[in-house]
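Q: Next up is a structure, given as structure tokens.
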Amino acid sequence: MRFKQYLNEKELSKEEILALIEKGCKPFLRDWRKLKIDKFLLSGRDDNDFFAKKQVRKDRKPMDTPLHSHKLMDDWFHEKFGVRSRSNAVFCSFNKEIASFYGYAFLIFPIGNYKAVSSKTIGDLYSLIYADASAIRKKKYSEEELQQEIIKAMGKGQYTNKLSYHMNEIMVTCKEYYMVGYSLTDYLLENLKG
């Protein structure tokens, strides 16, 4: 079976894809193996590539979160972990349903050094803060009060910057990553467990 890798205009076999992941993603694979799980990080994408090496966007704009709140959260993560997890990250989950909500589920393998910022208690930060819009409207928060609520919620989230297994959103910060079609899951699980 051969797959097109568009960066080099060359077709790669599943064995070649495996070799690239094993060589380029050692820190991630080391941490993933410690979890002893049979799932990979997933991210929903509207993409036609089956396999690609992608750059992490450094200026991700929020889809729904107001820009001032997005910046507040980004600053909080930067202060706590040294990374801007809202604007410089790939949003992932070990949960296929969550990933598929945003498009086709692709396996994500961070290349080189990375951080995986997440909370075991907060499934989705946006939903936690804004999902109950009627309660926010009823309380008629001022901008300052809303920012205080956001900081309070994030503080209760017990965020970590180490890869951990749960079904919530995981913000992966790295320079590049491999994106692999979901159909290679079984093959990669069999060959990467170590």
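Q: So which residues in segment 43-71 are part of a loop (DSSP other than H, G, I, E, B) and free of Cβ contacts under 8 Å to residues at least 12 places away in the same chain?
A: Here is the first cut: in segment 43-71, the residues part of a loop (DSSP other than H, G, I, E, B) are 46-50, 56-66.
If the condition is that a residue be part of a loop (DSSP other than H, G, I, E, B) and free of Cβ contacts under 8 Å to residues at least 12 places away in the same chain, then ASN48, MET63, PRO66 are the ones that fit.
Q: Being of a type in the set (D, E, K, R) and not in a helix (DSSP H, G or I) narrows it down to one residue among LYS23, LYS120; which is it?
A: On the way: LYS23 fails: not in a helix (DSSP H, G or I).
The unique qualifying residue is LYS120.
Q: PHE101 versus (1) farther than 17 Å from ARG57 by Cα; (2) at pLDDT 95 or above; (3) of a type outside the set (Lys, Arg): which is the lone unmet condition?
A: So PHE101 meets the others, but not (2).
Q: Return only the number of the condition from (1) in contact with a strand residue (DSSP E or B) (Cβ under 8 Å, 6 or more places away or on another chain); (2) surrounded by fewer than 17 Cβ atoms within 10 Å (Cβ to Cβ); (3) of a type in the set (Lys, Arg) that LYS23 does not satisfy.
A: Among (1) in contact with a strand residue (DSSP E or B) (Cβ under 8 Å, 6 or more places away or on another chain); (2) surrounded by fewer than 17 Cβ atoms within 10 Å (Cβ to Cβ); (3) of a type in the set (Lys, Arg), LYS23 violates only (1).
Residue-by-condition table, conditions (1) on the phi < 0 side of the Ramachandran plot; (2) among the hydrophobic types (A, V, I, L, M, F, W, C); (3) surrounded by 21 or more Cβ atoms within 10 Å (Cβ to Cβ):
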{"position": "MET63", "(1), (2), (3)": "yes, yes, no"}
{"position": "PRO66", "(1), (2), (3)": "yes, no, no"}
{"position": "LEU72", "(1), (2), (3)": "yes, yes, no"}
{"position": "SER93", "(1), (2), (3)": "yes, no, yes"}
{"position": "GLY103", "(1), (2), (3)": "no, no, no"}
{"position": "THR121", "(1), (2), (3)": "yes, no, no"}
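Q: Sort through PHE51, PHE28 and tell me the only one that's under 19 Å from ILE170 (Cβ atoms) and either among the hydrophobic types (A, V, I, L, M, F, W, C) or surrounded by fewer than 19 Cβ atoms within 10 Å (Cβ to Cβ) (or both).
A: Numbers: PHE51 fails: under 19 Å from ILE170 (Cβ atoms).
Criteria check complete, one pass: PHE28.
Q: Now a separate question. Give me the pairs: first residue in segment 154-175 and of a type in the set (Gly, Ala, Ser), second residue part of a loop (DSSP other than H, G, I, E, B), beta-carbon distance under 6 Å, and six or more apart or on different chains, which are they?
A: GLY157/SER119; GLY157/THR121; GLY157/ILE122
Q: Moving to a separate point now. With respect to LYS80, determine if the residue is out of contact with any helix residue (DSSP H, G or I) (no Cβ under 8 Å at 6 or more places or on another chain), in contact (Cβ under 8 Å) with a residue 24 or more places away in the chain, surrounded by fewer than 18 Cβ atoms within 10 Å (Cβ to Cβ) and outside any loop (DSSP other than H, G, I, E, B). Let's see the steps before the verdict.
A: Numbers: out of contact with any helix residue (DSSP H, G or I) (no Cβ under 8 Å at 6 or more places or on another chain): yes; in contact (Cβ under 8 Å) with a residue 24 or more places away in the chain: yes; surrounded by fewer than 18 Cβ atoms within 10 Å (Cβ to Cβ): yes; outside any loop (DSSP other than H, G, I, E, B): yes.
Judged against the criteria, LYS80 is a match.
The values are calculated or read from the model by the stated rules, or taken from the named source; none is laboratory data. Treat the numbers as computed from the prediction; the structure is a model and nothing was measured. Because the Cβ atoms are built from the backbone with ideal geometry, glycine has one as well, and the counts that use them run over all protein chains shown.
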